[in-house]
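For reference, the structure discussed in these notes is given below.
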Amino acid sequence: MFTLFQKHKHSIIKSTITIFVVLLMLSFGIDIFNTGAIRTRNHVATVNTTEISFNQLRANEEELYNFTKNMLRLQYGDIFEKIEDQLEAELRKNLSQRAIQDLISKILLLDFAKNNGILVPLELIKSQIKKDIEAIPQLGELNKQNFSAYLNMLRITERKLENKTKEQVLAKTFIKILGDAYIPLDKEIEELYQTENNLYSFSYVEFNSADYIKKIQIQEDELQKFFTKNQEAYLGPKSVTYSFVEFEPANFKNLVEVSTDDIQNEYEKQRLAFQAVPKYRLRQIVINKDEQNEEAQKKLALDIKARLNNGENFAKLAQKFSDDRATKNKGGDLGELNYGDIPELIKNKIFELKTGELSEIINSEKAYYIVLVEDVIQEKFQPLEQIKDQIITDLKTDTAPIYAKNAAANFVDNWRVRENREQTFKDFATSQKLNPQTKVANTKEGNDLLGEIALSMKQGALEVIEANGNFVVLLIDEIKEPRLPELKTIRANVEHDFRIEKSKELALENANQLLATLKEQKDLARVAKVKNLKVDQIASVSRSDNSVLLFQSPALKAAVFNLTLEQPISASVQRYGNSFYIFELNSLTPADTAKLAEQKKQIIEQERDKFQNTLLESLISNLKKHSKITINPDAFNDDAEI
């Protein structure tokens, strides 16, 4: 399957890029690298032989939500608070579906990596963490203080950060294996540059629903119909009172006994993970590009590659033809390089080469490269004694959850035996020197993971669940079902909501009336003047400009920037928040191509990322087709689409 995928990968360049790949690269979901995960509730999905529990799904939902929100906060800076409400619906939209897809995809990639011998050395994980932290302006250079700040920012533990970074590096490894040094054609680059940098000027009329609230008259029969139609919104909350005790794996580490055999077996099993990143001795031939002679330069690179394939001496050809002054006289010798110090473009192409092998011609923006791997210096595995303490700590950390789960199960068994003695859950827990707690969760307020799980359980139910890394014995003490109050008791709230709803309808109606007039008269300023409407302006703005608040809505932005001078008026009314808009394109100024050179590298990187992400998405799609994936439909409010 993978071979077939490699053959046909170029046919999918134009596939749609979905948000999934972003989540795969950035999300910090539940740790699924522990294939010995303990099942604590009915599973919601099975991927081949690996089960995904309800608790894993709920935890991943919240972690996807929180992580994505935090990254958006970093991206938008001060403007985030202004658009947070608009983003909330998108962040929550289909969250369960995105979370389950995320978990399924990670399991498939992990299995694929394991089956194909793709491993992630520890040094690469540490290097990636360092790179991620130093890329955040608020943090900067990696040190103990900034590392702690980074963990707090992402709300995760150090161990989970390592696991999630392993996922990130693994995804990058797949991209590196799948993707060529893809560079769009100059014509494509220019089109992309113009699309993002053409300057537009717009006129628009806003219909703010707040301006229509005072015009809304309340009729009793209409209010009653509105209340009946929207009665679910006025239901009192369902509340659940629950008691629980937590068993933290960290408290059981000292109970875990690690034998010499355990240490040796783990060392052998994870041996490659303890291998230092290899060093490379490389030679290169560089043929510089220029627009006037690019075809001749490409032909020269092909000729040199053919001569090398026929056995000619690499160093001599480098001395004769290479344009790199630093290495030309040394026969292209780059010396001995750590893997992390090799330029990214070259690193991607030599990843799987062995000693004595040549790269293909590497096509960059400014030059053609041919690289010879003279030697791959595989560092010896780190001695067992050097990493023994780390292995012991890891084994205890990995095994402690089993002890915690067993302790929770024993607690439940023992308490049930004592039920005949009429000892309460709280009293029994206290007698066992535990710390029982009682909380109330309801459907109207934000709840933690325990509260959400409690709301899904039945009266008197008792379960051992996994939440936030701990094992929890959870007992449902009392459930109060939601109740619909009489209209008269909440009349003020219903009237307020009625006015809001009707004001939106009236604002939209007026916007559509204006649009209908514009289809005939096609002059927003003149028609607006006749109707005594205010016309606002947005001048000289490009697609890449994020400073206009209205354009934080992807749907509105796409509709507005698709206007043309031939069809300058919105085909439909656009909505942002509680306002409705009609736009007219006034002018379109082509982008200044003199500045194209400044952005060319960035455009190439963006398009390469899109291309490589598309390949990764296609691989995952193929893995899904060739895997047995079952979904428990009861875990979702709507149908799961795999």
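The values are calculated or read from the model by the stated rules, or taken from the named source; none is laboratory data. Values in this document were obtained by computation on a predicted structure and should not be read as measured data. Glycine also receives a Cβ, built like all others from the backbone with ideal geometry; neighbour counts cover every protein chain displayed. Ligands, DNA and RNA are excluded from the accessible area calculation, which covers all protein heavy atoms including side chains. Shrake-Rupley method; radii C 1.70, N 1.55, O 1.52, S 1.80 Å.
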If you take the residues of region 599-628 that are free of Cβ contacts under 8 Å to residues at least 40 places away in the same chain and more than 21 Å from residue 186 (Cα to Cα), which of them is least open to solvent (accessible area, probe 1.4 Å)?
621
Give region 144-168 a look and list any residue that's at pLDDT 75 or above and outside any helix (DSSP H, G or I), or say none.
none
Take region 507-528 and flag every residue that is under 11 Å from residue 573 (Cα atoms) and touching a residue at least 60 places away in the same chain (Cβ under 8 Å).
507, 508, 510, 511, 512, 514, 515
Could you say which residue among 594, 571 is part of a loop (DSSP other than H, G, I, E, B), modelled with pLDDT of 80 or more and open to solvent by 60 Å² or more (accessible area, probe 1.4 Å)?
571
The lone condition residue 589 fails out of (1) over 33 Å from the mean Cα position of the chain (by Cα); (2) more than 23 Å from residue 602 (Cα to Cα) is (2)
Residue identified as within 26 Å of residue 113 (Cβ to Cβ) and not aromatic (Phe, Trp, Tyr) among 616, 556, 563
616
Failed item, numbered, when residue 564 is tested on (1) buried (at least 16 other Cβ atoms within 10 Å of the Cβ); (2) without any contact (Cβ under 8 Å) to a residue 40 or more places away in the chain; (3) among the hydroxyl-bearing types (Ser, Thr, Tyr)
(1)
Exactly one condition in (1) touching a Phe, Trp or Tyr at 6+ places or on another chain (Cβ under 7 Å); (2) at pLDDT below 70 is false for residue 76; which is it?
(1)
Find all pairs meeting these conditions: Cβ atoms under 6 angstrom apart; at least six residues apart or on different chains; first residue within region 445-459 and aliphatic (A, V, I, L, M) and modelled with pLDDT under 80; second residue buried (at least 16 other Cβ atoms within 10 Å of the Cβ) and not in a loop (DSSP other than H, G, I, E, B).
449/58; 449/467
Let me spell it out: the conditions are (1) among the polar types (S, T, N, Q); (2) within 30 Å of residue 495 (Cβ to Cβ); (3) open to solvent by 70 Å² or more (accessible area, probe 1.4 Å), and residue 251 meets all of them except one. Which number is the exception?
(2)
Test residue 497 against the stated conditions and say whether it is open to solvent by less than 70 Å² (accessible area, probe 1.4 Å) and not in a helix (DSSP H, G or I).
no
Given the criteria modelled with pLDDT of 95 or more, open to solvent by less than 60 Å² (accessible area, probe 1.4 Å) and not hydroxyl-bearing (Ser, Thr, Tyr), does residue 506 qualify?
yes
I'd like the residue in region 169-215 that is of a type in the set (A, V, I, L, M) and open to solvent by less than 20 Å² (accessible area, probe 1.4 Å) and, out of all such residues, is modelled with the highest pLDDT.
205
Please enumerate the residues belonging to region 233-248 that are open to solvent by 30 Å² or more (accessible area, probe 1.4 Å) and within 33 Å of the chain's Cα centre (by Cα).
233, 237, 238, 246, 248
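So that you can scan it fast, the table gives a plain yes or no per residue for (1) acidic (Asp, Glu); (2) surrounded by 15 or more Cβ atoms within 10 Å (Cβ to Cβ); (3) over 30 Å from residue 203 (Cα atoms); (4) in contact with a helix residue (DSSP H, G or I) (Cβ under 7 Å, 6 or more places away or on another chain):
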site	(1), (2), (3), (4)
536	yes, no, no, no
544	no, no, no, yes
555	no, no, no, no
577	no, no, no, yes
582	no, yes, no, yes
Scan of region 404-449 for residues that are within 20 Å of residue 58 (Cα to Cα) and in contact with a Leu (Cβ under 6 Å, 6 or more places away or on another chain), ordered by number
441
Within region 213-270, the residues that are among the hydroxyl-bearing types (Ser, Thr, Tyr) and more than 28 Å from residue 456 (Cα to Cα) are 259, 260, 267
Which numbered condition in (1) open to solvent by less than 80 Å² (accessible area, probe 1.4 Å); (2) assigned to a helix (DSSP H, G or I); (3) more than 30 Å from residue 232 (Cα to Cα) is the only one that residue 526 fails?
(1)
